[in-house]
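A.B. asks: Structure below; questions to follow.
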Amino acid sequence: MASVKFSDPNPRATVTLHELSAVQATARRHLTFSMTLACPLKCGHCIVGAGPDQGATTMPVEVARQYASQMPQLFEYGIRMVSFTGGEPLLAKEQVRALSTAATNSGMVCGIVTAAHWATSASAAMRIINHLPGIQTWDISVDAYHEDFLSLDKVRFAYLASKRLGKRGILRFAYHEPLTDRDRQLLAFMAEFADETDVCSQRIRSVGRASNLEIVRGDREVTLSKPCVTKGLVIRYDGTMSPCCINLVEERRHPFQFGDARERPLTEIHTEYMAHSLLQMIRVIGFGDLLRWLAEIGIDEKTLGPMPEDVCDLCPQIMTNRKWADALACRAAQPENRLRIAILASRILGEHDMLQQVVRELQDHAADIEGFELAAALAAETAQTPVGAQYS
Ligand code: SF4
Ligand code: SF4
């Protein structure tokens, strides 16, 4: 079954526009729950700073049950996938079980990202996976930093058990760029027992605890037209939210705030998320216009500092500066800009919610807004598309 050798991850691999749209479409139908910052490991590259001393952060069972009760409404709204992350989400096993059972019963599929500390033997791994029948995809992390705390046997047990039980087993491999000798040894280890198509590689990022690591920057130029590729809203263990599970996942200082998830219906929050002008703008056209807007208020590239090669590294550089982020959010929310972004989201991503909402909200001022008629016509054209229909 296994290949003799796996190929090196290629961060320069290009994707077609169609592939990019398919990845971006995930955001409309996907919801992630970050269950806790607790983790038996304390990896040096952890982007959320998780560790054994973070038990107090874990999502209470009653909060998980409250979210679980909303799964039928979320399905009706268009959510089709629910993911669990952390920290180590399996330290909140009963909460994950409540949520995943409710999601699956409502017609969704669920996945979990775990370090597999629980897979102490083949039978223990089967037992845990069987305890969570609602989880179809098991993303098992493997990298040089986990190894300081966890034997690689556990990774193998967890992966093979997931396959044996008919689940989707993924090996989530975090690597350095360029690859270190240890990274190559880990690729060779995975090749002993896994299918190469089950390996999902991700470059180690300089966020959270990883910002203390000496990470070599790549020599590529940042492509500002590259869009944000968030795979959707993250509801954290404490009711706060993140717009993505990448570089803002544990960041609190950003403009994408939607209140307390414990106090509002999740469908209402998600609707606001999908209509947030600044967020949708970076999803449809990237960061080029944002840098131009910043330059117009005197924030040039010199003030911003060295340009990272990846928009997800540039994003926190801008969004965590309250003054800059407020100015950008305000400009993106101007009527003409909202309409333009909503039209692009509808045309490029096939997401019509924002267009419907913006046209509805601005119709009393239609005569004063350039492009309103075109937007209204497009909104009428897409009005017959039920929410989430393109994903059914
Ligand atoms: S990287 Fe994953 S396994 Fe390691 S400390 Fe962070 S959450 Fe735990
Ligand atoms: S661009 Fe920003 S919001 Fe989008 S995925 Fe990257 S870090 Fe998250």
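The values are calculated or read from the model by the stated rules, or taken from the named source; none is laboratory data. As the structure is a computational prediction, the values presented were derived from the model and not from experiment. No Cβ is skipped: glycine too gets one built from the backbone with ideal geometry, and neighbour counts run over all protein chains shown.
A.B. asks: Run Arg340 past the list (1) more than 30 Å from Met59 (Cα to Cα); (2) out of contact with any His (no Cβ under 9 Å at 6 or more places or on another chain); (3) within 16 Å of ligand 2 (Cβ to nearest atom) and report the number of the one that doesn't hold.
C.D. replies: The number of the failed condition is (3).
A.B. asks: Cβ contacts < 8 Å: first residue over 24 Å from Cys245 (Cα atoms) and at pLDDT 95 or above, restricted to region 298-325; second residue acidic (Asp, Glu) and within 16 Å of ligand 1 (Cβ to nearest atom), any location; separation 6+ or different chain. Result?
C.D. replies: From residues that are over 24 Å from Cys245 (Cα atoms) and at pLDDT 95 or above, there are no pairs.
A.B. asks: So, of the residues in region 305-337 that are within 18 Å of Ser211 (Cα to Cα), touching a Leu at 6+ places or on another chain (Cβ under 9 Å) and assigned to a helix (DSSP H, G or I), which turns out to be farthest from ligand 1 (Cβ to nearest atom)?
C.D. replies: Ile318
A.B. asks: Hey, another quick one. Within region 41-65, how many residues turn out to be among the small types (Gly, Ala, Ser), crowded, with 21+ Cβ neighbours inside 10 Å and away from ligand 1 (no atom under 13 Å from the Cβ)?
C.D. replies: Total satisfying the criteria: 1.
Results for (1) over 15 Å from Ala327 (Cα atoms); (2) away from ligand 2 (no atom under 11 Å from the Cβ); (3) of a type in the set (Gly, Ala, Ser); (4) under 20 Å from the mean Cα position of the chain (by Cα), shown as yes or no for each residue.
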site	(1), (2), (3), (4)
Ile235	yes, yes, no, yes
Pro243	yes, no, no, yes
Thr271	yes, yes, no, yes
Ser277	no, yes, yes, yes
Trp293	no, yes, no, no
Pro306	yes, yes, no, no
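A.B. asks: With the requirement that a residue be more than 17 Å from Cys39 (Cα to Cα) and surrounded by 23 or more Cβ atoms within 10 Å (Cβ to Cβ), what does region 84-100 give you? Walk me through it before giving the result.
C.D. replies: Our first condition is that a residue be more than 17 Å from Cys39 (Cα to Cα); within region 84-100, this holds for 97-100.
Those that are more than 17 Å from Cys39 (Cα to Cα) and surrounded by 23 or more Cβ atoms within 10 Å (Cβ to Cβ): Leu99, Ser100.
A.B. asks: Return the pair list, or none, for Cβ contacts closer than 9 Å from residues in region 37-56 that are under 15 Å from Pro89 (Cβ atoms) and free of Cβ contacts under 8 Å to residues at least 60 places away in the same chain to residues that are of a type in the set (Gly, Ala, Ser) and within 16 Å of ligand 2 (Cβ to nearest atom), at least 6 apart or on different chains.
C.D. replies: From region 37-56, the pairs are Ala50/Gly208.
A.B. asks: Going by the conditions given, is Arg340 within 18 Å of Ala27 (Cβ to Cβ), free of Cβ contacts under 8 Å to residues at least 60 places away in the same chain and assigned to a helix (DSSP H, G or I)?
C.D. replies: no
A.B. asks: Among what's in region 225-267 and is of a type in the set (Lys, Arg) and away from ligand 1 (no atom under 16 Å from the Cβ), pick the residue that is farthest from Leu91 (Cα to Cα).
C.D. replies: Lys226
A.B. asks: Go through the residues of region 107-119 one by one and say whether even a single one is more than 30 Å from Leu213 (Cα to Cα), surrounded by fewer than 18 Cβ atoms within 10 Å (Cβ to Cβ) and touching a strand residue (DSSP E or B) at 6+ places or on another chain (Cβ under 6 Å).
C.D. replies: Looking through region 107-119, at least one residue is more than 30 Å from Leu213 (Cα to Cα), surrounded by fewer than 18 Cβ atoms within 10 Å (Cβ to Cβ) and touching a strand residue (DSSP E or B) at 6+ places or on another chain (Cβ under 6 Å).
A.B. asks: Sticking with this structure for a sec: Just the residues that are under 16 Å from Asp139 (Cβ atoms) and not hydroxyl-bearing (Ser, Thr, Tyr), please, taken from region 167-185.
C.D. replies: Within region 167-185, Lys167, Arg168, Gly169, Ile170, Leu171, Arg172, Phe173, Ala174 meet the criteria.
A.B. asks: OK, next. Of all residues in region 129-163, how many are of a type outside the set (Asp, Glu) and either surrounded by fewer than 21 Cβ atoms within 10 Å (Cβ to Cβ) or not in a helix (DSSP H, G or I) (or both)?
C.D. replies: Selection size over region 129-163: 20.
A.B. asks: Being part of a strand (DSSP E or B) and not charged (D, E, K, R) is the filter; apply it to region 170-189 and report the residue that is farthest from Ser206 (Cα to Cα).
C.D. replies: Ile170
A.B. asks: When the residues of region 359-392 are filtered to those that are under 25 Å from the mean Cα position of the chain (by Cα) and assigned to a helix (DSSP H, G or I), which remaining residue is modelled with the highest pLDDT? Lay out the reasoning, then the answer.
C.D. replies: Taking region 359-392 and keeping what is under 25 Å from the mean Cα position of the chain (by Cα), we get 386-392.
Next, from what is left, pick out any that are assigned to a helix (DSSP H, G or I): 389-391.
Details: Ala389: 53, Gln390: 50, Tyr391: 47.
Residue satisfying both the conditions and the ranking: Ala389.
A.B. asks: Quick check: is even one residue across region 94-110 in a strand (DSSP E or B), modelled with pLDDT of 95 or more and either touching a Lys or Arg at 6+ places or on another chain (Cβ under 8 Å) or within 25 Å of Ala27 (Cα to Cα) (or both)?
C.D. replies: Within region 94-110, one or more residues are in a strand (DSSP E or B), modelled with pLDDT of 95 or more and either touching a Lys or Arg at 6+ places or on another chain (Cβ under 8 Å) or within 25 Å of Ala27 (Cα to Cα) (or both).
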